[in-house]
Amino acid sequence: MSYGVDLGDPGRFDDWRAAARLAISHRIPPDQIDWSGDTGLFAATPLPRELGPHAVNVSQVFLKLARSVSYNAAPERFALLYQALWQLDRGTGAPLSKADPLGQRLQLMAKAVSRDIHKMHAFVRFREMPSDGPRRRFAAWFEPDHHIVEPGSTFFAKRFADMDWLIATPRQTARFENRVLSFHPGGARPDLPDDASEGLWATYFANIFNPARVKLDAMRSEMPKKYWKNLPETRLIPEMLQDAEARVQRMREAAASTPKPGAAAISTRYRATMPVAPALPESLEEAQQAALQCRRCGLCEAATQTVWGSGAADARLMLVGEQPGDREDLEGRPFVGPAGQLLRQVMMETGLPEDKLWLTNAVKHFKFTPRGKQRLHQNPNSAEIDHCRWWLGLELAFIQPQLVVALGASAAYALTGNDQPLTARRGTIETGLHGGQVLISWHPSGILRRQDAAAQKQARAELTADLQQAWACVA
Amino acid sequence: MAKTLQDKLAILSDAAKYDASCASSGGEKRDSRKDGLGSSGGAGICHAYTPDGRCISLLKILMTNFCIFDCAYCINRVSSNVERARFSVEEVVSLTLEFYRRNYIEGLFLSSGIIKSPDQTMADMVRIAKTLRVDHGFKGYIHLKTIPDAAPELIREAGLYADRLSINIELPQDDSVRKFAPEKRPETIRGAMAQVRVEQEATKERSHTGKRPPKFAPAGQSTQMIIGADGTNDATILQSSTRLYTGYKLRRVYYSAFSPIPDASAALPLIQPPLLREHRLYQADWLLRFYGFDANEITTGMQGGNLDLEIDPKLAWALQHRGLFPLDVNRASRDLLLRVPGFGVKSVDRIIAARRNRALRYEDLTRLGASMKKARPFITAPGWTPGGLTDSANLRAQFAPPPEQLLLI
């Protein structure tokens, strides 16, 4: 016995779903159902009216795929979907996988539908219609390959809610009036009035094109020729192409042109307003200005910006770290990253007032190496520290602190010129290259890096003690 | 004679075409069902293509092509004799809205020459974005090109109205920027990118009352680098890009093959734009972002620090690391499968999903979207083993375009 199902034209997904549920509940095999709707010479038996005993559950993934396939124009789509349902129920094949022949076919059909919908969203061109109400009216003609007017129209309803519009296609027409979307039979191409904006659009299309880089295949693969007849701008393409080579040739022959008279004066005037780095800064502000443009070593090319010190220009105590980290580099201020937070916490606990100190680094640019999505800190080498000592020297000279705390080995080296290990030196006061006193301590990021909790605690206590001692010295 | 709107549009779109970016994807989900006009937030839509193969997604125009800067590579530099024009705020707003209503575009990409001062120019651009958003309830996409050296407050305001901000790095090395764009400063360009990143991150943190701050450039930031105008090699370019991606979380670095401009400056060569090189750089850029490669891996073994123009960078890498291959497609990890030439991210994910059910055969791989012509020498699967192919001496020759036959004259 064979069954016939007529889903009408073009056939709706919900109707197929109801019919398929009936058929599978009676375990009717796919080869016994004709989904084409052709009654033929012998009238086929309709499906049983009542649900049979066999209940089938399918995944959301299948329903989504099936809905999408149902919009495809291929006449065999409903038969293939029932075949897939049958296989899912029987557990044979993998009709949801692209690796399976049926699965691949369904996926391709769904893909063709979504591509057609996407092209509708892209290539519908509205023209304005006369309107006697408060809402503006627009209309368009479009020729899709598949039955996609309904799924394709919600996009327009969301996007163009404040105007009335109509999209006519050969099979179906979507109409949106007063925020209500409705569907009607299609028909022949309507006559749409001329729209002045189309001329401006053509002007834009012709001028945004760069004749020096013609790539026709790229254009044709994304904007297939079958759509061209409804795209006003494509009429210009032959002329644009014909002209392209000649335009490039003219550019080449013209070669360099003489600069416009008077132009040099304008850009020169602007350049005169750009900040200049004083060779020998005479104040802390001038030193900062100059440092912002520092190119003494190669670090400036990779880093974002110079991170100058911050705090009180008359500070009696100065804290010097190693170099700005990731956060400091982005924000342009010292000690704002995780290590800076630890330092500020310790300062708060020991009663060091931040506004009475000068916080800075031995090296003013962030040195790092990119790893994955992160920028990993790298220690500055001695050459980089040596180059940057110029700026540290200026800070010391203008601020003239009574005492400087060197946080970590790089700062200790920058300030004293001594690169011996820190363990023996920590907590002691050395004479710096600038002639003043330098108290050696740990760098907060070094403390954070210690694996052992006890060691970390101890180092933190030592840093606290050192800062207390330093503050006592200058108080 | 006063210029018509059409004249201005011709001049100011012609002036904008050297900016490659046209993305309109990502960002905030919005639509007009409650009020206003427009929607955004899904995949971007390309509404048309010009014969240069580039898509038109946005109305890409300059507010004005008057400029006080003298960047050698730019058609709008002060010393160029190009015809000048300037849009009013209303003209840009009306063009955007009318094009949008006819479904020509996804939104506006606004850039500008610098008039009077960077701050003045940026303020005018922000005013256009604000008018569209606030006065007209425009919910489409807005991309603002940030003017270098504009004040941080203006960049902050721009981020409130724009979906995407971009600041062009212009050239891959600081020295080239200083040489060819003497009014631009690489350090302030990077500073502005850092600001955009920091502002974006700040909007993700709730305040103590639990309120979220307003969105800031929800579609992120991008930049553009001109290729072939200076002598920088590809290795340096890719390192530069890596720093931009890691430092400022850019969505994209656009590479723009330097293309001859009418009214060219004597400082730069009038060359055929290096389109193939641009293409290889994009491929390498994809390897950096989606395939787990790092810049050094791609650039080691390159001739003169440049990518192989004849074969794609992944194939070039695989040919240099044949010891890792062939891989068993049913067992290899995702990381390694991503390194097989001819396997894209999507096909690798499909392979991983499909092989959970059953062992994949050679024929299955084609259906899963892999390009087997390229992948063949690098994999094994039931029904296929490459034998000596992986190590054969002429493997590269199978992929490279045939050598050109020289003709006697």
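The values are calculated or read from the model by the stated rules, or taken from the named source; none is laboratory data. Every value quoted in this text rests on a predicted model; they were computed, and no experiment measured them. With ideal geometry, Cβ positions are generated from the backbone for all residues, glycine too; neighbour counts draw on all protein chains shown.
At a glance:
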item	result
Sole exception among (1) at pLDDT 95 or above; (2) more than 30 Å from A:D162 (Cβ to Cβ) for B:I142, by number	(2)
Identity of the residue in segment A:286-323, in contact with a strand residue (DSSP E or B) (Cβ under 9 Å, 6 or more places away or on another chain) and within 13 Å of chain B (Cβ to nearest Cβ), that ends up surrounded by the most Cβ atoms within 10 Å (Cβ to Cβ)	A:V307
Search result, residues across segment A:167-202 that are away from chain B (no Cβ under 13 Å) and among the β-branched types (V, I, T)	A:T169, A:T173
B:S207 vs. criteria in contact (Cβ under 8 Å) with a residue 60 or more places away in the chain and small (G, A, S)	no
Candidates B:F99, B:F109, filtered to the one that is part of a strand (DSSP E or B), within 11 Å of chain A (Cβ to nearest Cβ) and in contact with a strand residue (DSSP E or B) (Cβ under 8 Å, 6 or more places away or on another chain)	B:F109
Subset of segment A:173-183 [out of contact with any Lys or Arg (no Cβ under 6 Å at 6 or more places or on another chain) and in a strand (DSSP E or B)]	A:T173, A:A174, A:R175, A:F176, A:E177, A:V180, A:L181, A:F183
From A:L102, A:L108, A:L63, A:L88, residue being crowded, with 18+ Cβ neighbours inside 10 Å and at negative phi	A:L88
Residues of segment B:247-297 classified as touching a residue at least 60 places away in the same chain (Cβ under 8 Å) and within 12 Å of another protein chain (Cβ to nearest Cβ), total	10
Residue within segment A:223-241 that is aromatic (F, W, Y), assigned to a helix (DSSP H, G or I) and over 30 Å from B:I261 (Cα atoms) present	yes
Answer from A:R67, A:R125, A:R49 - the residue that is more than 28 Å from A:L166 (Cα to Cα) and basic (K, R)	A:R49
Scan of segment B:97-146 for residues that are of a type in the set (G, A, S) and either closer than 19 Å to B:T188 by Cβ or free of Cβ contacts under 8 Å to residues at least 12 places away in the same chain (or both), ordered by number	B:S111, B:S112, B:G113, B:S117, B:A123
Which listed residue is within 11 Å of chain A (Cβ to nearest Cβ), in contact with a strand residue (DSSP E or B) (Cβ under 8 Å, 6 or more places away or on another chain) and over 27 Å from B:S25 (Cα atoms), from B:C71, B:C46, B:C67	B:C71
Subset of segment B:323-340 that is under 15 Å from B:D391 (Cβ atoms) and in contact with a Leu (Cβ under 8 Å, 6 or more places away or on another chain) - its residue that is modelled with the highest pLDDT	B:L327
Checklist (1) surrounded by 21 or more Cβ atoms within 10 Å (Cβ to Cβ); (2) touching a Gly at 6+ places or on another chain (Cβ under 9 Å); (3) more than 13 Å from chain A (Cβ to nearest Cβ) applied to B:A370, failing item	(3)
Condition check for A:R344: within 30 Å of A:G432 (Cα to Cα), part of a loop (DSSP other than H, G, I, E, B) and in the same structural domain as A:R449 (by TED's automatic domain parsing)	no
Among the candidates B:L37, B:L9, residue that is in contact with a Leu (Cβ under 8 Å, 6 or more places away or on another chain), facing another protein chain (nearest Cβ under 7 Å) and over 14 Å from A:A206 (Cα atoms)	B:L37
Failed criterion for A:R252 (all others in (1) touching a residue at least 24 places away in the same chain (Cβ under 8 Å); (2) at the interface with chain B (Cβ under 10 Å from one of its Cβ atoms); (3) over 36 Å from the mean Cα position of the chain (by Cα) hold)	(1)
Hits in segment B:347-361 - residues which are more than 8 Å from chain A (Cβ to nearest Cβ) and over 15 Å from A:P101 (Cβ atoms)	B:S347, B:V348, B:D349, B:I351, B:I352, B:R355, B:R356, B:A359
Number of the condition not met by A:A264 [criteria: (1) within 18 Å of B:D70 (Cβ to Cβ); (2) surrounded by 14 or more Cβ atoms within 10 Å (Cβ to Cβ)]	(2)
Options B:F99, B:F109, B:F87, B:F69; residue that is under 25 Å from the mean Cα position of the chain (by Cα) and more than 30 Å from B:R243 (Cα to Cα)	B:F99
Residue, surrounded by the fewest Cβ atoms within 10 Å (Cβ to Cβ), within segment A:324-367, restricted to residues that are of a type in the set (D, E, K, R) and under 17 Å from A:A470 (Cβ atoms)	A:D355
Odd one out for A:P334 among (1) touching a helix residue (DSSP H, G or I) at 6+ places or on another chain (Cβ under 6 Å); (2) within 14 Å of chain B (Cβ to nearest Cβ); (3) without any contact (Cβ under 8 Å) to a residue 40 or more places away in the chain	(2)
Single condition B:T4 does not satisfy, out of (1) in contact (Cβ under 8 Å) with a residue 40 or more places away in the chain; (2) more than 7 Å from every other protein chain (Cβ to nearest Cβ)	(1)
Residue list for segment A:112-166, restricted to those being within 11 Å of another protein chain (Cβ to nearest Cβ), of a type in the set (D, E, K, R) and assigned to a helix (DSSP H, G or I)	A:K119, A:K158, A:R159
Filter result (at the interface with another protein chain (Cβ under 7 Å from one of its Cβ atoms) and outside any loop (DSSP other than H, G, I, E, B)) within segment B:12-34	B:S13, B:D14
Evaluation of A:T154 against (1) in contact with a Leu (Cβ under 9 Å, 6 or more places away or on another chain); (2) crowded, with 21+ Cβ neighbours inside 10 Å; (3) of a type in the set (V, I, T) (one fails), failing number	(2)
Subset of segment A:22-57 that is assigned to a loop (DSSP other than H, G, I, E, B) and in contact with a helix residue (DSSP H, G or I) (Cβ under 6 Å, 6 or more places away or on another chain) - its residue that is surrounded by the most Cβ atoms within 10 Å (Cβ to Cβ)	A:W35
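Here's the yes/no breakdown for (1) among the acidic types (D, E); (2) surrounded by fewer than 23 Cβ atoms within 10 Å (Cβ to Cβ); (3) in contact with a Gly (Cβ under 6 Å, 6 or more places away or on another chain); (4) within 14 Å of another protein chain (Cβ to nearest Cβ):
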| residue | (1), (2), (3), (4) |
| --- | --- |
| B:K116 | no, yes, no, yes |
| B:H143 | no, no, no, no |
| B:P172 | no, no, no, yes |
| B:R206 | no, yes, no, no |
| B:P214 | no, yes, no, no |
